[in-house]
Amino acid sequence: MLRTLYRTVDGERRIIHGHLSKYEVAALKQEGWRVDKPQVNRHGIPIGRVV
């Protein structure tokens with residue numbers, strides 16, 4: 001399944017995108033990666049910027 005993981009490192013957003021197994025996703029989550037999109041709430045509405 002295609003997954004996109006996000007992480008902020010030294011003030012820059014890093015992205016991993018690809019076919020990751022659930023075990024790989026679990027390992028990356030323990031390292032601080034997030035599955036959700038940054039600057040978007042749980043309903044998919046952008047937050048923290050003027051529209």
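The values are calculated or read from the model by the stated rules, or taken from the named source; none is laboratory data. Only a predicted model underlies this, so the values are computations on that prediction, with no experimental measurement involved. A quick note on method: Cβ atoms are made from the backbone with ideal geometry, for glycine too, and the neighbour counts reach across all protein chains shown. Each accessible area value is taken on the protein alone, full model and side chains, heavy atoms only, with ligands, DNA and RNA left out. Shrake-Rupley method; radii C 1.70, N 1.55, O 1.52, S 1.80 Å.
Residues in segment 26-46 that are open to solvent by 80 Å² or more (accessible area, probe 1.4 Å) and either aliphatic (A, V, I, L, M) or in contact with an Asp or Glu (Cβ under 9 Å, 6 or more places away or on another chain) (or both): 2 in all.
Is it the case that segment 14-25 has a residue that's surrounded by 12 or more Cβ atoms within 10 Å (Cβ to Cβ), assigned to a strand (DSSP E or B), among the aliphatic types (A, V, I, L, M) and at pLDDT 90 or above? Before the answer, list the steps.
Within segment 14-25, the subset surrounded by 12 or more Cβ atoms within 10 Å (Cβ to Cβ) is 16, 20, 24-25.
Those still in the list that are assigned to a strand (DSSP E or B) too: 16.
Now restrict to residues that are among the aliphatic types (A, V, I, L, M): 16.
Keeping just the survivors that are at pLDDT 90 or above gives 16.
Scanning segment 14-25, I find at least one residue that is surrounded by 12 or more Cβ atoms within 10 Å (Cβ to Cβ), assigned to a strand (DSSP E or B), among the aliphatic types (A, V, I, L, M) and at pLDDT 90 or above, so the answer is yes.
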